[in-house]
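Structure, as structure tokens:
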Amino acid sequence: MLQKNKKKESRRDRADHQFSDGGMIGHAWDSRPAARKIRRLREVLGGLSWKRGLICVLICMTVVITTLAALGFYHIYFDRTSLPALEPLTRFEFPTIGRVYDAHDQPLMEIAREYRLNITYADIPPIVRDAILAAEDKNFFTHGGVDYSVIPRVLSKIRFATLAARLTTLSREDEVKSEAIFPHGGSTITQQLVRNHFLKDLTIFQSMTARENSDELLNGRLLPRALSYLIGSQSVIMLVRKIEEIRLSLWVESKMQGRFGSKRRAKEEILARYASLIYLGNGQYGFAAAAEYYFGRPLATFTADDADLAALLASIAKAPRYYAPDAKNAAKILRRRNQILTLMAVNGFISKDRASAARKRPIRVSVQPRKMAAQGPAVVGNVLEEIKDRYSDLNMQDLLQGRIQVYSTVDAGVQQIVDDALEQGLARYEKRRPAAKGLIQGAVVVLRNHDAGILAETGGRQLYRDRPSLYSDFNRVTQSLRQPGSAMKPIVYLAAFQQGIFNLDTLVPDKPISVPDTGNRQIKWIANYDGQFKGMIPLREALSQSRNAVAVWIAEQIGMENVMWTARRLGIRTPLQPYATTALGASEVNLLELANAYRMMASGIYARPYVIRKIVRSSGEVITDKEHRGPPVAVSLSSLALIQEGLRGIVRMPSGTAHSLDTGRFPIPVMGKTGTTNDFRDALFVGSTYGPHGITIAVRIGFDDNRSLGHKETGGRVALPVFRKIMLGVYRKALAGPVPAFPERMEQNINNYLNADPIETVSVRKKSVPQNIEAPPNAEAKRIIPSQSAGLSF
């Protein structure tokens, strides 16, 4: 009996133990109901816990949203910190088109980053204003910068399904493909103006507006990143941009009203700025530029009969990529235009009949593409360089953004003649040398004699390697340093006249002469182009025939320091080498310097070449530099008269290298000098009409890689024809005034020399031999063609 009782107690203890451990086995009479009660209790507690969590989440979200809304409200309506500068907007300082004008105030070239024409409210025709308001902001003149009436419509377009999906989905792998939660649209004209003018310029918002459709959040702050996790970075960017847009719009409207005295005037000014700033596709900014581009007519010519054109322009602003006139999107463009016409009628801007008639018209577009003018690109490059050198408070950006307009000395008519003459000259050379087609290059500059104003400048051919020339290209007039060849000799002769012991009838030795070969202590013998020496000849003949030996001999007699001094007095700033071969043009100079030296010899007036005659700022301020014409050149008048007569003799004397210009087919009296560098690498001609009222033209033709032009391709054969054509064209069209005549005494001196009896001439020559100058020995010497360091003369 005791043993049975122990077994019962043992079973009860096990049952109690199992029950206490959460086991499912117990006495039938009390264990099952207890278990059910426990399960029910757990279910109730679990349900309460889930509901509490949900309530907490909702409370937290409400607090966050309320806080954010309060912060946003404060930021929009009360926060006026970190505001941009308003003055550029009130002063209407939008980038426009920079223009370079010619001497007759005609545009030579347009240059801009944004093609824009700023217009006032009065410049906007009523039909265009109505189209803009119907398309963008019908309540513009009544709201204060934000149109609250459109808020319900905007809220109805929020993609709540996308928002719910983001809030309930932990994964963010599909963010790139996800839609933006907030819709586009609803912006007033003021908001669009703020977005395009201010937000793109503020560093904090620049990336946001520029990459609004991107999913990359560029602002690394904690709050935007937290919001980005919840609603997506694209939506955060749109939200932040919109908040700032609204804040600045309210601020702008308030400030503009205070500035202009009334809400109506402020609205008119804002609309004018919007109509000038907005992008309308194909690189055109503003309605005025777009009207000229798409329709080939000024915006001011639009009337009520042009409702279809006004609606077409207004329709572009929403999305230029899709609605700018284009044959590919014709149906979409037509539909958008007609929608604007319908809105114009609905809002009472035009009658229903006029809108109906306008909708029936086809899209009328006559695109007038803006091209950088091929005429004178080197001029524009020179303008930019001159702005940098002479106007410390201005720079290239001022011209590119239309803050200044440049009025140049260039004559468009002369420029066209120069361009055509160079192209024809290169074509003639290519006909002789077909292998050079498209590769040969040239440069030309034309200067006014009295002040060195540049009348035309061509830094290279119009089409080079199948590419049109641009203002930023290499300018061979100012940037290319090349040997001038025998075009340097007149400077040597002028330096000799300055010494007072030489004149044009002085006998000089055309005999073998040697010069030291720099570096290896050997000598080189100078040869003439024709391979001959003529003995003692008058200096005027040596100059007209371009005798190398004589030029070197004279340079040695007067000293190279005198030659270099004279070159500097004639405006050559490039350092010259102090060697005898510099007399033959072995030292490099640029073409503009060489042209200016000849201009000074022709006019006797010192001046630096320039291309800008005045600059007009967008404010209307005019900047002029009248200090272009300088004092007389620092050489004696008698020396100038001698070199002028000598250069005139090069043309008039039958043996002169430019005698081909002394014909009835070329009735313009000129003076000048040919130049051909060693191994025929460059061909030059520089010449002038006489005196301050004349012009000077310099022409150089050669390859950029310094290869030879070919045997006998001299300055007289290659460059002189270009010079001749330019001179004929300029004076036939009276673009440089009447042709100035050489002094009668100068012409008579040349006539006397040409008509003199040979015996009498010999007698004069003997009297003209300079004293105290030892002639070189008369011994025979082996003639050696000059090295590449010595200029080949002709």
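The values are calculated or read from the model by the stated rules, or taken from the named source; none is laboratory data. All values reported here derive from a predicted model rather than from experimental measurement. As a convention, Cβ positions derive from the backbone with ideal geometry for all residues, glycine included, and neighbour counts pool all protein chains shown. These area figures cover heavy atoms from the full protein model, side chains too; ligands, DNA and RNA do not enter into them. Shrake-Rupley method; radii C 1.70, N 1.55, O 1.52, S 1.80 Å.
Residue-wise test of (1) touching a Lys or Arg at 6+ places or on another chain (Cβ under 6 Å); (2) of a type in the set (D, E, K, R); (3) assigned to a strand (DSSP E or B); (4) crowded, with 19+ Cβ neighbours inside 10 Å.
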{"residue": "L709", "(1), (2), (3), (4)": "no, no, no, yes"}
{"residue": "E713", "(1), (2), (3), (4)": "no, yes, no, yes"}
{"residue": "V722", "(1), (2), (3), (4)": "no, no, no, yes"}
{"residue": "G737", "(1), (2), (3), (4)": "no, no, no, no"}
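Within the range 454-473, residues that are buried (at least 16 other Cβ atoms within 10 Å of the Cβ) and at pLDDT 80 or above have Cβ atoms under 8 Å from residues that are in a strand (DSSP E or B) and among the polar types (S, T, N, Q) in these pairs: I454/S408; G460/Q441; R461/Q441, counting only partners at least 6 apart in sequence or on another chain. Would you mind telling me which numbered condition in (1) at pLDDT below 85; (2) in a helix (DSSP H, G or I); (3) not acidic (D, E) L89 fails? Tallying (1) at pLDDT below 85; (2) in a helix (DSSP H, G or I); (3) not acidic (D, E), L89 fails exactly one: (1).
Inspection of the range 659-668 finds no residue satisfying the criterion of being hydrophobic (A, V, I, L, M, F, W, C), in contact with a Ser or Thr (Cβ under 9 Å, 6 or more places away or on another chain), within 18 Å of L594 (Cα to Cα) and not in a strand (DSSP E or B).
Selection of the range 95-150 for residues being of a type in the set (F, W, Y) and open to solvent by 10 Å² or more (accessible area, probe 1.4 Å) yields Y101, Y115, Y121, F141, Y148.
Tallying residues that are within 27 Å of G702 (Cβ to Cβ) and either of a type in the set (A, V, I, L, M) or crowded, with 20+ Cβ neighbours inside 10 Å (or both) within the range 482-521 yields 15. In the range 504-552, of all residues being hydroxyl-bearing (S, T, Y) and at negative phi, the one that is farthest from the chain's Cα centre (by Cα) corresponds to T506. Screening T677 on (1) modelled with pLDDT under 95; (2) surrounded by fewer than 24 Cβ atoms within 10 Å (Cβ to Cβ) shows it passes everything except condition (2).
Against the conditions (1) modelled with pLDDT of 90 or more; (2) at positive phi; (3) open to solvent by less than 20 Å² (accessible area, probe 1.4 Å), G232 satisfies every one except (1). For the range 560-603, residues that are open to solvent by 10 Å² or more (accessible area, probe 1.4 Å) and either touching a Cys at 6+ places or on another chain (Cβ under 8 Å) or not in a helix (DSSP H, G or I) (or both) total 11. Just one residue in the set L426, L422, L399 is under 16 Å from the mean Cα position of the chain (by Cα) and among the hydrophobic types (A, V, I, L, M, F, W, C); that residue is L399. Listed by first and then second residue, the pairs with beta-carbon distance under 6 Å, at least 6 apart or on different chains, first residue in the range 116-141 and of a type in the set (K, R), second open to solvent by less than 40 Å² (accessible area, probe 1.4 Å), are R116/T96; R116/G286; R116/A289.
Table: residues versus (1) assigned to a loop (DSSP other than H, G, I, E, B); (2) at pLDDT below 90; (3) touching a strand residue (DSSP E or B) at 6+ places or on another chain (Cβ under 6 Å).
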{"position": "R354", "(1), (2), (3)": "no, no, no"}
{"position": "P362", "(1), (2), (3)": "yes, no, no"}
{"position": "V365", "(1), (2), (3)": "yes, yes, no"}
{"position": "M372", "(1), (2), (3)": "yes, yes, no"}
{"position": "I387", "(1), (2), (3)": "no, no, no"}
{"position": "V406", "(1), (2), (3)": "no, no, yes"}
{"position": "V414", "(1), (2), (3)": "no, no, yes"}
{"position": "I417", "(1), (2), (3)": "no, no, no"}
{"position": "A435", "(1), (2), (3)": "no, no, no"}
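Residue count for the range 476-530 satisfying the condition of being part of a strand (DSSP E or B), farther than 20 Å from G675 by Cα, in contact (Cβ under 8 Å) with a residue 12 or more places away in the chain and among the β-branched types (V, I, T): 3. Taking each residue of the range 409-437 that is touching a residue at least 12 places away in the same chain (Cβ under 8 Å) and of a type in the set (S, T, Y) and looking for partners that are in a helix (DSSP H, G or I) and buried (at least 24 other Cβ atoms within 10 Å of the Cβ) with beta-carbon atoms closer than 7 Å, six or more apart or interchain, yields Y429/V718.
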